[in-house]
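Working notes, beginning with the structure itself.
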Amino acid sequence: MEGEWPKPASIATGAVFLSYASQDAEAAQRICEALRSAGLEVWFDRSQLRGGDAWDQSIRKQIRTCALFIPIISRNTHARAEGYFRLEWKLAVDRSHLISATKAFLLPVAIDDTPDDDEQVPDRFRELQWTRLPAGETPPAFVERVGQLLSSRLSAATLPRTSAVSGAIPAIGQTVPSSLRINPLGLALLVVFVAALAYFIADKFWISKRVAAPQSLTTPAPAGAAATSAVPFSPPAHSLAVLPFVNMSGDPAQEYFSDGLTEELLNSLTRIDELRVAARTSAFSFKGKDTDIGTIARKLNVAAVLEGSVRRSTHTVRITAQLIDAVTGFHVWSQTYDRALGDVLALQTEIATSVANALKITLLADTSSKIEVGGTEIPAAFDAYLRGKKMGRTAVSDADTQATLAAYAEAIHLDPHFAMAFAERSLELTNCARFNARGPSVRATLDKALFDARTAVSLAPDLAEGHYALGVILSEGSLDFAQADEEYERALALASGSPRILSAYSRHAAELGHAAAAIAAARRAVTLDPLNFHVHRTAAIVFLLARQYTDAIAAFRTAISLQPDWVPNYALLGQAQYAQGDFEAARSSCEAARAEEVGQVCLAMVYRKLGRQSDSEAMLQSFRSSVGDIGAYDLAGIYAQWGDIPQALHWLEIALRQRASGLAELKVGPELDPLRKEPRFQAIEQELKFPN
């Protein structure tokens, strides 16, 4: 009968997943009971063990397999930028990218008057029509709607598929008409032919599955707006995204090679004047997702997309590349290359040049030298370098860091003139000193990083990454801000299209008080890498140091929306809210990161402003017990905000003796404002010799 709910036996376990903030448990319980009373299967977690490995495994499985995801939205979810429900929402949004019928998978429910344009709610949820169930009271009409959605999803999974060539293909278990039957020998020959044809097409003429029929692309109209209000898609001329090339080697372990080769090609393209290239992090965010070219282009605001495949053998590599006009959907250019592994460096130049020519960009005479600067022609060295970059990007432990450094060391051993390997190892060593090393090993690690950076610059004076690595270590390891400034400026001049260098330069410029240059570089980095939370985070820090607190808060919120489980960002958001004078908002944000050192520093300041002196003292002691005297610079900031000027200056002088990297912010950091008129503070600032 029409409107009849599916029987429980026909519903997959966990067919409906309810996601809610802990404060909304009662409302969620009402919704759950109403659905279950109709015989619908509901996954509803009432345990207090939300988080950890057990949570992760169970939640990921349920969200991956559920038929309907219902996020429960309220003022509680608005106020809390953290919480495990945020992780559930992210997993659901990620899955929705892989489902063509998104609206049949996500069913947002609001249990109060939270506006449907609330920026704390993911964009994907705001694109959909919300159901209003005040306090979780669930009418029969909503239950019936859920049942119908589940019925449609389950029936869609069993519908017969059609073929553009052969007509309808019967569903499993359906009788095959005699006119479609094939004798065993004919079937065997057909299978062999199809397999051979598929291999030939995949290997020689790799064609993207992402490209839809050619059409004019427009940006989606706002909810409720008329179709005529759609804004035509008009990306900047000569803008490009490079999607991760598909690994066709038949060995998943070779993924690092195809990804690494793609990244090197992307970096080569950024060195071409007039070409604006979307950054790796944003472009690679679509890896493994069946997102069409038009959607990718709109999200990255690019006019063209380059994609392809890589097939590697023992001594050779085959690369198939194709360039697609994102506005029309047409292929602009495609080519297949068969090369020896030792020719990969020159191949990057060849592909980049072909892309530029296809986009009608006039190339300068030194283009090839700019693309190949700092590289290697030794296959084994290149392979070790790519392994190092892959491991460094995902390193989470000391062992991971050491494996990364070992891979770079192998690359350098195989090619002592491999400047890029020296630059990347320098940056990895600097990170190691910052996060992994302890005691005397910190200085030893920084010295090695400085040596590698200077070597990279010596081997390849026009390698932007070498100057960037040298600028980082001179600033953080030596506090030589004047020389670091020269290196950052040189790196930016050599790679003005690199979001990595733009972002690093923007923070350095902000620390020197060059607000206009810092903000301009930060904005350009965000434009080139819009889906990278690190870039938004750096932009937020730049705004914070420039005293533009409203912009800082907005940028931190964007960073959090892109990566809600990176907890330190909540504390940084709290610092911006604190600087703006919104102490209650700062408390809420920083409490989300109270287990982090940066969160404890923030709360030590916030609680004092809120009159919670004992809590403030407790946070200070927690921070000190965690980091000891190494946290001298942060302790100076806490005492400065407490108004204890002698203690603040005492810890600042300790930080100076330690050569603490935090001193890079001394010139502009808002937390040190109470000290700026003190002669002892002015003497420290003068000793650091900040350039004008």
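Remarks
- Residue check, G628 among the small types (G, A, S), on the phi > 0 side of the Ramachandran plot and part of a helix (DSSP H, G or I): yes
- Scanning the range 388-414 for residues that are of a type outside the set (A, V, I, L, M) and buried (at least 20 other Cβ atoms within 10 Å of the Cβ) yields a total of 6.
- Where helices (runs of 4 or more DSSP H) fall entirely within the range 561-623, those with at least 2 residues that are free of Cβ contacts under 8 Å to residues at least 24 places away in the same chain and small (G, A, S) are at 583-591.
- Among residues of the range 266-302 being in contact with a His (Cβ under 8 Å, 6 or more places away or on another chain) and of a type in the set (S, T, N, Q), the one that is nearest to R500 (Cα to Cα) is T281.
- Residue check for A444: in contact (Cβ under 8 Å) with a residue 24 or more places away in the chain, out of contact with any Pro (no Cβ under 8 Å at 6 or more places or on another chain) and aliphatic (A, V, I, L, M): no
- Residue match in the range 641-663 (condition: within 21 Å of A540 (Cα to Cα) and aromatic (F, W, Y)): no
- Of the numbered criteria (1) assigned to a loop (DSSP other than H, G, I, E, B); (2) modelled with pLDDT under 85, the one L40 fails is (2).
- Within the option set A495, A509, A522, A518, being under 17 Å from the mean Cα position of the chain (by Cα) and hydrophobic (A, V, I, L, M, F, W, C) holds for one residue only, A522.
- Test: residue in the range 437-459 that is over 17 Å from Q483 (Cα atoms), in contact with a helix residue (DSSP H, G or I) (Cβ under 7 Å, 6 or more places away or on another chain) and acidic (D, E): no
- Applying the criterion of being charged (D, E, K, R) and modelled with pLDDT under 85 to the residues of the range 331-372, the residue that is farthest from A304 (Cα to Cα) is D366.
- The combined condition, being of a type in the set (D, E, K, R) and within 22 Å of L240 (Cα to Cα), is not fulfilled by R537.
- Residues that are part of a loop (DSSP other than H, G, I, E, B) and modelled with pLDDT of 90 or more within the range 239-264 comprise L243, P244, F245, listed in sequence order.
- Total residues in the range 384-425 satisfying the condition of being in a helix (DSSP H, G or I) and in contact with a Gly (Cβ under 9 Å, 6 or more places away or on another chain): the figure is 23.
- Which numbered condition R425 fails, given (1) surrounded by fewer than 23 Cβ atoms within 10 Å (Cβ to Cβ); (2) free of Cβ contacts under 8 Å to residues at least 40 places away in the same chain; (3) of a type in the set (D, E, K, R): (1)
- Candidates A437, A449: the one that is part of a loop (DSSP other than H, G, I, E, B), under 28 Å from the mean Cα position of the chain (by Cα) and not charged (D, E, K, R) is A437.
- Only a single item in (1) more than 15 Å from Y505 (Cβ to Cβ); (2) surrounded by fewer than 23 Cβ atoms within 10 Å (Cβ to Cβ) is not met by D452, and it is number (2).
- Q23, sole failed condition from (1) buried (at least 19 other Cβ atoms within 10 Å of the Cβ); (2) at pLDDT below 85; (3) closer than 26 Å to N569 by Cα: (1)
- Between T430, T401, T362, the distinction of being more than 28 Å from T316 (Cβ to Cβ) and touching a Cys at 6+ places or on another chain (Cβ under 6 Å) belongs to T401 only.
The values are calculated or read from the model by the stated rules, or taken from the named source; none is laboratory data. Being a predicted model, the structure only gives us computed values, none of them experimental. Heads up, the Cβs are rebuilt from the backbone with ideal geometry, glycines too, and the neighbour counts pull from every protein chain shown.
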